[in-house]
Each structure stands twice: as structure tokens, then as C-alpha cells.
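Down below is the structure, laid out as C-alpha cells.
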Amino acid sequence: MTVVGQPPDKAVTDVLIIGAGPSGATAARILAEGGYRVTCLEQGGWVNRIDYPSDKPERDVLLASSWSADPNVRRSAWDYPCDVSEADVHPLNFNGVGGSSIFYGAEWPRFVPSDFQVRSLYGFADDWPLTYEDLEPYYELLDEMVGVSGRPGDPAYPPTVAPPMPGVPIGRIGVKAAEGMNKLGWHWWPATQAIMTKTQGDRGACARWGTCMSGCPEGAKGSFDVAMWPAALAAGATLITEARVREVTVDKAGLANGATWIDAAGTEHHMSAAVVIVCANGVGTPRLLQLSTSDRFPDGLANSSGLVGKRLMMHPFVGVMGVYKEQLESWLGPFGANVYSLQFAETDLSRGFARGAKWSAMAIPGPMEILARYADLPIAERTGAAGQALVDRALGRAFEWAASIEDLPDESNTVTLSPDMVDSSGIPAPKITYRLSADSVRNLEWNVERMHEAHRAAGAIETKVVPWMPGVGWHMLGTARCGDDPATSVVDQFGRAHDVPNLFVLDGSVFVTSSSVNPTSTVVAFAARAVEHLMETASSQKVPV
């Protein structure tokens, strides 16, 4: 256990935050800068930048073992396992300071305005209880806080979107991808990234390693251990690491009064608080709420609607690799997207499915990534001289169009407590039940055909489907959704639980619909808006005696 910051007296704090990922870090910084005593409990620890596998010769071995994004493979002492026996998509996460942003590709698109109004516009799913305009000031705030780069003027967004730093170069693969899209008359734009293109402090400018998803050696990528926690700690927040929360506790009046947690030695502690904020992601948050039972809340905390853990959304993902004759230097980063397209993001029911997809033109940084995309071949055709021939043909000459589709909320897709699996503290693991809908399958298949077409238009000599599933569950959303009606939502538009007025959820669990774009900028904008509202209404906030 490591305590960074001033330890709270007698294990009491004004605000207790559970989870040190993007939303927890954002909430901690804003509240601490507002003068509140803030304590954050994080199940994992700190990762030193020099330990990232990205610049190691054995990188690929580490990514298949101790640095895997899959906790069931990684099996760190910081992790909890996930029961995926009934899941078409497996959750990927990281327990540690900065959360899964340690591993994310740092794509930073905002929701488009229509994403908040799916019901009003198209007659299915639900509207959010807030709008793009409500979040826009907080999108802008977090762009500045994190250090976001990009190019203004994307016609897919309102004209006010203007990243504070110049964009990362789109490189030869971006130019090649754009050539194909231009021939087809389809939208593309240089990607917006949580990646710095100017050195600031101990964070270097992007050096285009192309290994964003195994940790940025420069500190250019806006993982929240480097982009947010230093400022939060400087403002007075306290961060306790290797602190595994077992339960959010309540008093006789049904108000949250803190949390019980277990340190790395197995010793149990309790932290008392006036307000509790849960930021444990779309799997960890419903797990914790379901673990937090009592006479008053026998079905789990804040669960009178019965929706805690239901309507899980995970952004099914598929790619099409294109191989080209010319050298594209496609090992150069960024990894997540050199350019992206929202050509097919909006609903068009004539396609045969409900919602859309966001495309990313992705680098392929090394020979093992090339060979992984030929994993369907017999082993004799992808090892030895045959494998070397594949690498010689494609390395540096291939990139991937990848589509993230919007999956709609479905109450049969759930996070529950596993009856069979526990973590190293004996606490029930989350069980993921997630099945691709027929609508999602049609969406994936349709976009695969379009991506083949985009590559062919750009001059590819080979195109190949890359089936990323099941191991692509980077985005875990919707399991404690926000809304105005306590009967059909868990929290309100500011993340406050309808059932427990001093309990907040501020991670991707609150999402009503998932959009097709990466969620992190919306997660932290929602969190910033929520904690600002919490401070503005502090005089009327109910707290335990």
C-alpha cells in the first residue's frame, strides 16, 4: 500500500472516490482544487514509465503475458478475474493509477450531437437526460487538462471543436487512406488524440512509436497517471493504492458513509466519507454495487430500478487490413488512428441495422502484428520461411481500417456476480453475459464490405478481414445508466444515485447509449460536469450524520 498526499485524519474524508482511472482522476483534481478533502482508493498501484513494454525487445512476449490487456491473462496481484464463459466480447481493463488509459490508444473523439437523442430522432433506445451542448464546455475543459491534439474544422462536428494542440502527423498511411476515401466521396479527418505534440514538463511530444496501447515511453499519451494525477495530488488529493474495495457502506438512513477495503497484506480497513463516488468502470462499478448489500438494499446498492449491471454495451469491433505495393512506413504511430471516418456513424435504416460505425485507419507497428493478422492460416504457412515472406510482403506496406460499431442497450447483456469465480481476496468476480445481437452482426458485416471497398479504392493489392473479437472489450458501458426517472435509471444526469443521494457514479456505466466513437472524452466530460454541480449544490447535499 502506498499513500500519496496528506493522509486523512482518523480515516475520514469529505469525498471518497473509488477508482483512479480517467473519471476518478478528473473528479479528484476538480474537487481538490475546489478545496475539498478528497481520498481515492485504487485497487492497483503506480506504473513507472520505464517499465512499459513498448520499447523493450521482448515487447510481444510481455503483451502475451504479464502486460496483456486481458486481466484473465495478466493475472496481476492488482487484478480481479472476469467470468467470460457466456461472453462474445471479453472485457479488457487495467487496475492501476490511470486505469485502462495506461493501455488505451488515446483516440479522443467526442460524441456527435445526435448520439444523445437516439430515441427522439429514430424511435428506438433512449435519449440521454442531457445534450451535447450541456457537455461542450467540459469537453473543452478536458481537452486543455489532458493535452489534446487534432485539426479543427471537421464537418462531422460543430464548428466550435478546436483541439488545443496541432495534430499528430497522419503519415503515409493517413494519406493513402484519404486517397481511397476521396475517390469514394466519403468523410475522413485527421484523428483527434489525447496525445501531446508539444513537450510540456516531463511529458515529451509524440515520437510516433506506434505502441500507444502498450504504454507511451515519452509520456506524450494522455494516460491519466501522467495527464491528471500530478495536478490532483498537487491540489491536495490523497491517493491510496493497492486498496481493494469490498463494499460501499451505508448508515441507518440509507446514506453512503464510506467503504470497506482490503490492503495488499489482507488487512481490512474502513474509510468514512460524506460523499462516495464510484469510478470503477462499466464492469467494476456494477460489481461493487451488487456486492454492497444490506437490509435496506438487499438487491445491491442503488438498484431499486433493477438496472444495475444490465444493458452492458461493449462496442463490437472488426478490421480489414489492406496490403499495398508502396512503402507506407506503417509502423509509425499513432496506433489508434491516423485518420478516422464518421461517414457511416449516423443511422440509415436502409442498411438493414439500427446504428452506425466509426472507422479508424490504424498503424501495424511490428512483424508480430502482421503475423497475428494471418492467424487463420495453417501454422506451416505463417512460420519459418513462409512467415518471413508474409512479413517481408506486408510490414510497412499495410494498414488496417477498423470499425467500432454502436451496439444498442439490451437488458440480457449483463454484469452479475459469478457463482463460481472469486478474486484473490475471496470476493466474487464479475460474470459477463454478452451476446452479439443480430443487428450488431449485420452492422459488422456491412462495414466489412465497405472497408474492403475503401482499401481497393486506395489501390490495395490484398485485403483481409481481421476478426478482433472476442478480445476487444476496451469499452464497458451502460450498466448504471443515467436518466430522469428512478424507475428506469440508476443515477440522474449528474451521476447522483436516485436511491442514495450522496452516492455518485461517474464512469462509463452511466451511458444511456454507446455511440460508435471512443468513450473516454465523454466519460470525463460527464464527470467534470457532475463534480462541478456537486460543488455548486453542496449546501443542500445530504450527508451521513
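A few remarks follow.
- Subset of Lys310/Lys358; Lys56/Lys198; Lys198/Lys325; Lys310/Lys464; Lys176/Lys310; Lys183/Lys310 violating a 32 Å alpha-carbon distance limit: Lys198/Lys325; Lys310/Lys464; Lys176/Lys310; Lys183/Lys310
- Over the range 1-146, equivalent-ellipsoid semi-axes from the Cα gyration tensor in Å: 29, 26, 16
- Relative packing of 515-526, 112-123, 440-451, which averages over residues the other C-beta atoms within 10 Å, highest first: 515-526, 440-451, 112-123
- Per residue, the chain reaches -7000 deg cm²/dmol at 222 nm when only DSSP H runs of four or more residues are counted, each adding -39500 (n - 2.57).
- Placing Met181, Met535, Met1 in order of accessible area, with the largest value first and a 1.4 Å probe, yields Met1, Met535, Met181.
- Mean-position separation - Cα centroids, the range 84-134 and the range 188-257, in angstrom: 18 Å
- Helix 520-536 vs. the chain, principal-axis angle (Cα, 0 to 90°, nearest 10): 20 degrees
- For the range 501-545, dividing the convex hull volume of the Cα atoms by the residue count gives 74 Å³ per residue.
- Between 0 and 90°, nearest 10: helix 281-291 axis offset from the chain longest Cα axis: 30 degrees
- Under conditions of 37 °C and 0.692 mPa s, the range 103-199 yields 218 µm² s⁻¹ as its translational diffusion coefficient, taking Rh as the Kirkwood radius over Cα pairs in the Stokes-Einstein equation.
- Rounded to the nearest 20, the Cβ-based charge dipole of the chain about its Cα centre (Lys and Arg +1, Asp and Glu -1) stands at 880 debye.
- Spin-label pair Arg456/Ala385, simplified geometry with 7 Å Cα→Cβ offset, distance in nm: 3.4 nm
- Burial ranking of peptide ranges 66-76, 239-249, 81-91, 310-320 (average Cβ count within 10 Å, highest at the top): 310-320, 239-249, 81-91, 66-76
- Degrees, to the nearest 10: 438-458 long Cα axis against longest axis of the chain: 40 degrees
- Its Cα gyration tensor gives the chain an equivalent ellipsoid. The semi-axes, each the square root of 5 times an eigenvalue, are 37, 25, 23 Å from largest down.
- Beta bridges per DSSP with both ends in the chain, % antiparallel, nearest 5: 70 percent
- Sorted peptide list for 141-151, 331-341, criterion being average Cβ within 10 angstrom, highest first: 331-341, 141-151
- Projecting the Cα atoms of Gly147, Trp189, Ser120 onto the charge dipole of the range 101-217, computed from C-beta unit charges around the Cα centre, puts Trp189 farthest toward the positive end.
The values are calculated or read from the model by the stated rules, or taken from the named source; none is laboratory data. Remember, it's a predicted structure, so these values are computed and weren't measured experimentally. Glycine also receives a Cβ, built like all others from the backbone with ideal geometry; neighbour counts cover every protein chain displayed. Protein only, heavy atoms only, side chains kept; ligands, DNA and RNA dropped before computing areas. Shrake-Rupley method; radii C 1.70, N 1.55, O 1.52, S 1.80 Å.
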